[in-house]
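Quick notes on the structure that follows.
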Amino acid sequence: MISLDNISKQYGRQILFMEASATVQRGEKIGLVGPNGAGKTTVFRLITGEEEADGGQVTVERNVNVGYFSQDVGEMSGMTVVSAVLEGAGPVASIIADMRRIEDALADPERGDEMEKLCDQLGDAQQKFEAVGGYALEAKAKDILYGLGFAESVINGDVGDLSGGWKMRVALGRILLQEPELMLLDEPTNHLDVESIIWLEQWLAGTDSAILMTSHDREFMNRVVKKVIEIDSGELTTYTGDLDFYESQKAIRIREQQAQFDRQQKMLEKEERFIARFKARASHAAQVQSRIKKLDKIEKLEPPRSFQRIEFDFKKPARSGDDVIHLNQCKKGFNGRKVVDVDLRIRRKERWCVMGANGAGKSTLLKMITGNLAPDDGGVTIGASVKLGYFAQHAMELLHEDLSVFETLQADFPTATQGTLRTLAGCFGFPGDDVEKSCRVLSGGEKARLVLARMLFDPPNLLVLDEPTNHLDVTTKDLLVEVLAAFEGTMIFVSHDRRFLSALSNRVLELNPEGPRVYGGGYGEYVTASGHEAPGLRAATPPKKKPG
């Protein structure tokens, strides 16, 4: 269906692809992986025709319908949320707009003399709507929006009133409703909560559409993709299997390449020692020349390219008292609706993950624990010798835009050596000259990494983390899990990343309308005991299989 044949592409001196090849067949579900800047988005743009390859050929089968979800959703306003999603299904959205306009006119008392004409127009519009399957499509669009976390009260509101993250969900819903023959999905799980991520993976597993996608969510990738295309140093390499299989096969491949390289290096060293030893002896001249010619003909192997993660020796936090937090009949509500009502004691070294559907009060609870929000009733008591560190999404907005990454770390830790701070920065994805980047130009993921680096360099003994893995790539997530697994303090956190939840929690607090529930084990035990991976899950209705 899609073929990339010996493509080459570069921007200035940066070479993204050098005679690289890959294919996408009908119905395949493929993960596109590679380090930041490797060219994943460029692959999408080459397929859609937004960019052209410098060499080679990109072939898209005739009449193949391609839907592309990117992080740049553009401007959305002036239509309802459901109409914005229906735009992906052709003329349906414009017919709905006509119907709404006519209905508004019918409700206008000043246009009473046009009543008969308007009724005829509305009847015509309704017939058109029914003829294109509008009622079924509208129901399907709403089902998709519910799955992506939209409340009924929001669906018929103006899409322009939504935040950027919710507009992303609208744009994703538009692609899902369209159900093209090929979906290009660039980080579709960004801005989704765990319930919506699980719904989406079920939906994608049931579609006939071919999928080529990127995602920083390891569990999501493992459950959806059956093939992986890796971009590495200008090459495209295909692996058949999920993300875990790809990583295991890549590790085997690297070991084999390293062994071949080592064997050749030993052989070359042996030959070069012989040449150096006997090149001055006339009796060995023929042998020396023969070996020199042999070495000239040998194709020299390169050592395997592998990601070298920078290690950092993180400090241990000071010991707190055994009683870390007491939520004493702590209550909070908004607009007359009770959101949080919790009575809970958190002890030293406990790691609580807070689960709950959208609007259950997870972030509200964390804000009360950190003192950023006062409870309406009850109280929050922080124990003796507790030093609190709070990661929230707004923390990234507090970075000083005029400072570089290095200057930000230096301002926080003026007594630390340059080498220590550079190693810390490298550990969190700012190697070499990247530490000179201004905070103004950092992406969301880079800002999150910098905030986490500042927090963990001199760690508190109580970490309160609100979605710390948002925008982080798989490598940085793995590092964060490793660092926090060795953390000797207390944690309470909210996350939509199931690997993060499984690896780090040993207690679960589930918030729901019937009242909070406490589970004595970690996330894995919670799933077993509760029978669900997250509260508030909606079962995805898979798209109907296409005939043939």
Going through the range 5-43 one residue at a time, which ones are touching a Phe, Trp or Tyr at 6+ places or on another chain (Cβ under 6 Å) and either over 17 Å from E230 (Cα atoms) or of a type in the set (A, V, I, L, M, F, W, C) (or both)?
-> I7
For the range 61-96, name all the residues that are at pLDDT below 80 and among the hydroxyl-bearing types (S, T, Y).
-> S77, S94
For G31, which of the numbered conditions (1) closer than 30 Å to G160 by Cα; (2) in contact with a strand residue (DSSP E or B) (Cβ under 8 Å, 6 or more places away or on another chain) fails to hold?
-> (1)
How many residues does the range 19-60 contain that are at pLDDT below 90 and surrounded by fewer than 14 Cβ atoms within 10 Å (Cβ to Cβ)?
-> 2
Any chance G112 is surrounded by fewer than 19 Cβ atoms within 10 Å (Cβ to Cβ), out of contact with any Ser or Thr (no Cβ under 9 Å at 6 or more places or on another chain), small (G, A, S) and within 25 Å of V33 (Cα to Cα) | no
Selection from the range 498-538 of residues that are under 20 Å from N470 (Cα atoms) and without any contact (Cβ under 8 Å) to a residue 40 or more places away in the chain = F500, S502, A503
Please name all residue pairs, on different chains or six or more residues apart, with Cβ atoms under 6 Å, provided the first residue is in the range 336-348 and is over 22 Å from D323 (Cα atoms) and the second residue is part of a strand (DSSP E or B).
-> V339/K332; V339/G333
Those residues of the range 320-338 which are farther than 24 Å from N461 by Cβ and crowded, with 19+ Cβ neighbours inside 10 Å amount to K332
Hits in the range 240-257 (condition: surrounded by 15 or more Cβ atoms within 10 Å (Cβ to Cβ) and within 21 Å of the chain's Cα centre (by Cα)) | G241, D242, L243, F245, Y246, E247
Among residues of the range 382-397 being surrounded by fewer than 16 Cβ atoms within 10 Å (Cβ to Cβ) and in a loop (DSSP other than H, G, I, E, B), the residue nearest to the chain's Cα centre (by Cα) is K387
State all residues of the range 446-460 that are part of a loop (DSSP other than H, G, I, E, B), of a type outside the set (D, E) and surrounded by fewer than 20 Cβ atoms within 10 Å (Cβ to Cβ); if no residue qualifies, say none.
-> P460
Out of L86, L106, report the one residue that is surrounded by 16 or more Cβ atoms within 10 Å (Cβ to Cβ) and not basic (K, R).
-> L86
Quick one: is L463 surrounded by 21 or more Cβ atoms within 10 Å (Cβ to Cβ) and assigned to a helix (DSSP H, G or I)?
-> no
Check the range 398-419 and report whether any residue there is within 20 Å of N461 (Cα to Cα), part of a strand (DSSP E or B) and among the hydroxyl-bearing types (S, T, Y).
-> no
Which one of the conditions (1) modelled with pLDDT of 90 or more; (2) out of contact with any Asp or Glu (no Cβ under 9 Å at 6 or more places or on another chain); (3) on the phi > 0 side of the Ramachandran plot does K349 fail to meet, given that it meets all the rest?
-> (2)
Identify, from the list T469, T475, T417, the residue that is crowded, with 18+ Cβ neighbours inside 10 Å and either polar (S, T, N, Q) or over 22 Å from D193 (Cβ atoms) (or both).
-> T469
Examine the range 153-169 for a residue that is more than 23 Å from Y68 (Cα to Cα), among the aliphatic types (A, V, I, L, M) and assigned to a helix (DSSP H, G or I), and state whether such a residue exists.
-> yes
In the range 126-160, which residue that is free of Cβ contacts under 8 Å to residues at least 60 places away in the same chain, within 22 Å of S77 (Cα to Cα) and among the acidic types (D, E) is surrounded by the fewest Cβ atoms within 10 Å (Cβ to Cβ)?
-> E152
Given (1) touching a strand residue (DSSP E or B) at 6+ places or on another chain (Cβ under 6 Å); (2) surrounded by 22 or more Cβ atoms within 10 Å (Cβ to Cβ); (3) in a loop (DSSP other than H, G, I, E, B), number of the condition P180 does not satisfy = (2)
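The values are calculated or read from the model by the stated rules, or taken from the named source; none is laboratory data. Quick caveat: nothing in here was measured; it's all calculated off a predicted structure. Don't worry about glycine lacking a Cβ; one is built from the backbone with ideal geometry, like all the others, and counts go over all protein chains shown.
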